[in-house]
Amino acid sequence: MGTTDPANRMKLKYENVIFDFDGTLSDTYPCFTNALLDLLKYYGINDTYENAYALLKVSVGHALKHYDLPEDLTAAGKRFHYFHELRAPSEQKPYPDAGEILRFIRVNGGRNYVYTHSGLIVTKLLGIWGLDGFIDGMLDSTVTLPRKPAPDGLNWLCGKYGLDKSVSVMVGDRDIDTDCARNAGIAGCLYDPEGFYSGTDSDYSIKKLTDLEKIIVL
(Lines give C-alpha, C1' and ligand atoms only; values in the text may rest on other atoms or scores of the structure.)
Protein backbone atom coordinates (compact mmCIF):
# COMPACT_ATOMS: atom_id res chain seq x y z
CA MET A 1 0.00 0.00 0.00
CA GLY A 2 1.27 3.48 -0.79
CA THR A 3 4.17 2.57 -3.08
CA THR A 4 5.26 3.97 -6.43
CA ASP A 5 7.91 3.42 -9.07
CA PRO A 6 11.30 4.01 -7.37
CA ALA A 7 12.44 5.94 -10.44
CA ASN A 8 9.77 8.55 -9.74
CA ARG A 9 10.44 8.93 -6.04
CA MET A 10 11.81 12.12 -4.54
CA LYS A 11 15.04 11.79 -2.56
CA LEU A 12 14.38 12.18 1.13
CA LYS A 13 16.54 13.93 3.70
CA TYR A 14 14.51 12.24 6.44
CA GLU A 15 13.49 8.67 5.59
CA ASN A 16 11.85 7.95 8.95
CA VAL A 17 9.14 10.30 10.20
CA ILE A 18 8.01 9.68 13.79
CA PHE A 19 4.68 11.32 14.55
CA ASP A 20 3.12 12.12 17.87
CA PHE A 21 -0.58 11.22 17.68
CA ASP A 22 -2.80 13.45 19.81
CA GLY A 23 -2.69 16.98 18.44
CA THR A 24 -0.43 15.95 15.55
CA LEU A 25 -2.00 13.30 13.31
CA SER A 26 -5.22 13.50 15.29
CA ASP A 27 -7.24 16.62 16.04
CA THR A 28 -7.71 15.23 19.53
CA TYR A 29 -8.05 18.27 21.76
CA PRO A 30 -11.71 19.07 21.09
CA CYS A 31 -12.58 15.51 22.11
CA PHE A 32 -10.14 15.64 25.05
CA THR A 33 -11.76 18.88 26.19
CA ASN A 34 -15.25 17.44 26.07
CA ALA A 35 -14.04 14.41 28.01
CA LEU A 36 -12.44 16.64 30.64
CA LEU A 37 -15.68 18.62 30.96
CA ASP A 38 -17.51 15.27 31.35
CA LEU A 39 -15.08 14.38 34.13
CA LEU A 40 -15.51 17.73 35.87
CA LYS A 41 -19.29 17.41 35.62
CA TYR A 42 -19.02 13.95 37.20
CA TYR A 43 -17.17 15.57 40.11
CA GLY A 44 -19.58 18.52 40.28
CA ILE A 45 -16.98 21.02 39.02
CA ASN A 46 -17.60 23.67 36.36
CA ASP A 47 -15.12 25.25 33.95
CA THR A 48 -15.15 26.80 30.50
CA TYR A 49 -14.27 24.92 27.34
CA GLU A 50 -11.55 27.47 26.57
CA ASN A 51 -9.79 27.09 29.92
CA ALA A 52 -9.98 23.30 29.88
CA TYR A 53 -8.59 23.27 26.33
CA ALA A 54 -5.62 25.49 27.24
CA LEU A 55 -4.77 23.32 30.27
CA LEU A 56 -4.88 20.15 28.17
CA LYS A 57 -2.53 21.67 25.59
CA VAL A 58 0.15 21.49 28.30
CA SER A 59 -0.73 17.90 29.22
CA VAL A 60 -3.56 15.81 30.61
CA GLY A 61 -1.67 15.52 33.89
CA HIS A 62 -1.26 19.28 34.09
CA ALA A 63 -4.99 19.77 33.53
CA LEU A 64 -5.99 17.25 36.18
CA LYS A 65 -3.59 18.78 38.72
CA HIS A 66 -5.19 22.17 38.16
CA TYR A 67 -8.49 21.09 39.69
CA ASP A 68 -9.29 20.17 43.28
CA LEU A 69 -10.43 16.65 42.45
CA PRO A 70 -11.88 14.26 45.05
CA GLU A 71 -9.81 11.34 43.69
CA ASP A 72 -6.06 10.91 43.32
CA LEU A 73 -4.51 11.64 39.93
CA THR A 74 -4.20 7.99 38.97
CA ALA A 75 -7.90 7.33 39.51
CA ALA A 76 -8.89 10.63 37.90
CA GLY A 77 -6.67 9.88 34.90
CA LYS A 78 -8.31 6.49 34.38
CA ARG A 79 -11.74 8.09 34.61
CA PHE A 80 -10.74 10.81 32.14
CA HIS A 81 -9.55 8.22 29.62
CA TYR A 82 -12.80 6.30 30.11
CA PHE A 83 -14.80 9.39 29.15
CA HIS A 84 -12.43 10.08 26.25
CA GLU A 85 -12.68 6.58 24.82
CA LEU A 86 -16.48 6.75 24.97
CA ARG A 87 -16.40 9.83 22.75
CA ALA A 88 -13.38 9.16 20.52
CA PRO A 89 -14.74 6.71 17.90
CA SER A 90 -17.53 9.08 16.89
CA GLU A 91 -16.00 12.50 17.69
CA GLN A 92 -12.27 12.33 17.12
CA LYS A 93 -10.96 12.97 13.61
CA PRO A 94 -7.58 13.13 11.90
CA TYR A 95 -6.29 16.47 10.71
CA PRO A 96 -7.47 16.96 7.10
CA ASP A 97 -3.97 16.56 5.64
CA ALA A 98 -2.83 13.69 7.87
CA GLY A 99 -3.55 11.01 5.29
CA GLU A 100 -1.97 13.12 2.55
CA ILE A 101 1.36 13.50 4.33
CA LEU A 102 1.48 9.84 5.42
CA ARG A 103 0.91 8.77 1.84
CA PHE A 104 3.48 11.27 0.50
CA ILE A 105 6.14 9.86 2.80
CA ARG A 106 5.31 6.27 1.91
CA VAL A 107 5.17 6.69 -1.88
CA ASN A 108 8.55 8.40 -1.80
CA GLY A 109 10.19 5.49 -0.01
CA GLY A 110 9.94 6.80 3.55
CA ARG A 111 8.43 5.17 6.62
CA ASN A 112 5.92 6.44 9.16
CA TYR A 113 5.98 5.73 12.88
CA VAL A 114 3.85 6.82 15.81
CA TYR A 115 5.09 7.59 19.32
CA THR A 116 2.22 8.34 21.67
CA HIS A 117 1.47 8.32 25.38
CA SER A 118 -2.03 7.11 24.56
CA GLY A 119 -2.99 3.44 24.46
CA LEU A 120 -4.79 1.00 22.17
CA ILE A 121 -7.37 3.64 21.23
CA VAL A 122 -4.75 4.97 18.79
CA THR A 123 -4.64 1.73 16.80
CA LYS A 124 -8.45 1.63 16.84
CA LEU A 125 -8.80 5.18 15.52
CA LEU A 126 -6.17 4.73 12.80
CA GLY A 127 -8.16 1.71 11.63
CA ILE A 128 -11.46 3.61 11.67
CA TRP A 129 -9.86 6.38 9.60
CA GLY A 130 -8.21 3.97 7.14
CA LEU A 131 -4.72 5.23 7.99
CA ASP A 132 -3.35 2.15 9.76
CA GLY A 133 -1.88 0.79 6.52
CA PHE A 134 0.46 3.78 6.29
CA ILE A 135 2.02 3.17 9.72
CA ASP A 136 5.20 1.09 9.85
CA GLY A 137 5.59 0.88 13.62
CA MET A 138 4.31 2.29 16.88
CA LEU A 139 5.13 2.90 20.50
CA ASP A 140 2.13 3.47 22.76
CA SER A 141 1.41 3.31 26.47
CA THR A 142 1.25 -0.49 26.47
CA VAL A 143 5.07 -0.29 26.67
CA THR A 144 6.14 1.22 29.99
CA LEU A 145 8.98 3.70 29.56
CA PRO A 146 9.80 7.16 30.94
CA ARG A 147 7.57 9.72 29.28
CA LYS A 148 8.58 12.53 26.93
CA PRO A 149 10.74 14.57 26.99
CA ALA A 150 12.93 11.69 28.20
CA PRO A 151 14.60 10.07 25.16
CA ASP A 152 13.84 6.49 26.20
CA GLY A 153 10.80 6.07 23.96
CA LEU A 154 12.50 7.34 20.82
CA ASN A 155 15.57 5.26 21.60
CA TRP A 156 13.33 2.19 22.02
CA LEU A 157 11.55 2.91 18.73
CA CYS A 158 14.80 3.43 16.84
CA GLY A 159 16.24 0.24 18.30
CA LYS A 160 13.18 -1.92 17.63
CA TYR A 161 12.78 -0.84 14.01
CA GLY A 162 16.46 -0.27 13.20
CA LEU A 163 16.05 3.44 12.46
CA ASP A 164 19.08 5.53 11.52
CA LYS A 165 18.78 8.63 13.70
CA SER A 166 20.60 10.78 11.15
CA VAL A 167 17.72 10.36 8.69
CA SER A 168 14.89 10.46 11.24
CA VAL A 169 12.69 13.32 12.44
CA MET A 170 10.13 13.52 15.26
CA VAL A 171 7.00 15.60 14.60
CA GLY A 172 4.82 16.73 17.50
CA ASP A 173 2.53 19.51 18.65
CA ARG A 174 4.21 20.26 21.99
CA ASP A 175 7.60 21.26 23.27
CA ILE A 176 7.96 17.89 25.01
CA ASP A 177 7.99 16.25 21.55
CA THR A 178 10.77 18.40 20.15
CA ASP A 179 12.69 18.25 23.45
CA CYS A 180 12.37 14.47 23.33
CA ALA A 181 13.80 14.47 19.82
CA ARG A 182 16.73 16.63 20.88
CA ASN A 183 17.41 14.43 23.89
CA ALA A 184 17.45 11.36 21.65
CA GLY A 185 19.77 12.98 19.12
CA ILE A 186 17.35 13.28 16.21
CA ALA A 187 15.75 16.23 14.42
CA GLY A 188 12.55 17.69 15.85
CA CYS A 189 9.69 19.45 14.09
CA LEU A 190 7.00 21.40 15.95
CA TYR A 191 3.50 21.19 14.47
CA ASP A 192 1.73 24.19 15.96
CA PRO A 193 -1.24 25.37 13.86
CA GLU A 194 -2.64 27.49 16.71
CA GLY A 195 0.60 29.12 17.85
CA PHE A 196 0.59 27.68 21.39
CA TYR A 197 4.36 27.15 21.41
CA SER A 198 5.72 30.04 19.37
CA GLY A 199 8.79 30.33 21.59
CA THR A 200 9.81 26.67 21.38
CA ASP A 201 13.37 26.00 20.20
CA SER A 202 13.02 23.27 17.57
CA ASP A 203 14.84 22.39 14.36
CA TYR A 204 11.72 23.02 12.30
CA SER A 205 8.25 24.47 12.81
CA ILE A 206 5.16 23.98 10.63
CA LYS A 207 1.55 25.15 10.58
CA LYS A 208 0.26 22.41 8.25
CA LEU A 209 1.26 18.76 8.13
CA THR A 210 1.84 18.96 4.39
CA ASP A 211 4.51 21.60 5.06
CA LEU A 212 6.63 18.61 6.08
CA GLU A 213 7.15 17.88 2.40
CA LYS A 214 9.55 20.83 2.11
CA ILE A 215 11.48 19.64 5.18
CA ILE A 216 11.91 15.96 4.45
CA VAL A 217 12.77 16.22 0.74
CA LEU A 218 16.33 17.01 -0.31
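The values are calculated or read from the model by the stated rules, or taken from the named source; none is laboratory data. Small disclaimer: the values here were computed from a predicted structure and weren't measured. Virtual Cβ from ideal backbone geometry, glycine too; neighbours counted across all protein chains shown.
Conditions (1) under 14 Å from the mean Cα position of the chain (by Cα); (2) over 20 Å from Thr28 (Cα atoms); (3) at pLDDT 95 or above; (4) of a type in the set (A, V, I, L, M), marked per residue:
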position: Ser166; (1), (2), (3), (4): no, yes, yes, no
position: Ile186; (1), (2), (3), (4): no, yes, yes, yes
position: Glu194; (1), (2), (3), (4): no, no, no, no
position: Tyr197; (1), (2), (3), (4): no, no, no, no
position: Leu209; (1), (2), (3), (4): yes, no, yes, yes
**Request:** Specify the residue that is surrounded by the fewest Cβ atoms within 10 Å (Cβ to Cβ); the eligible residues are those in the stretch 194-209 that are touching a Ser or Thr at 6+ places or on another chain (Cβ under 8 Å) and either on the phi > 0 side of the Ramachandran plot or of a type in the set (D, E, K, R) (or both).
**Result:** Asp201
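Conditions tested, residue by residue: (1) more than 29 Å from Met10 (Cα to Cα); (2) assigned to a helix (DSSP H, G or I); (3) of a type in the set (Ser, Thr, Tyr).
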{"residue": "His84", "(1), (2), (3)": "yes, yes, no"}
{"residue": "Leu102", "(1), (2), (3)": "no, yes, no"}
{"residue": "Ile105", "(1), (2), (3)": "no, yes, no"}
{"residue": "Lys148", "(1), (2), (3)": "yes, no, no"}
{"residue": "Leu157", "(1), (2), (3)": "no, yes, no"}
**Fill in**
Note on the stretch 35-52: residues surrounded by fewer than 20 Cβ atoms within 10 Å (Cβ to Cβ) and either in a helix (DSSP H, G or I) or in contact with a strand residue (DSSP E or B) (Cβ under 7 Å, 6 or more places away or on another chain) (or both) are Leu37, Asp38, Leu40, Lys41, Tyr42, Tyr43, Tyr49, Glu50, Asn51
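Among the residues of the stretch 11-18, are any among the charged types (D, E, K, R), at pLDDT 95 or above, within 22 Å of the chain's Cα centre (by Cα) and in the same structural domain as Cys180 (by TED's automatic domain parsing)?
yes
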**Prompt:** Would the stretch 128-135 turn up any residue that is within 14 Å of the chain's Cα centre (by Cα) and in a helix (DSSP H, G or I)?
**Reply:** no
**Message:** Criterion first (in the same structural domain as Met170 (by TED's automatic domain parsing) and either of a type outside the set (Phe, Trp, Tyr) or more than 29 Å from Asn155 (Cα to Cα) (or both)) does Lys41 satisfy it?
**Reply:** no
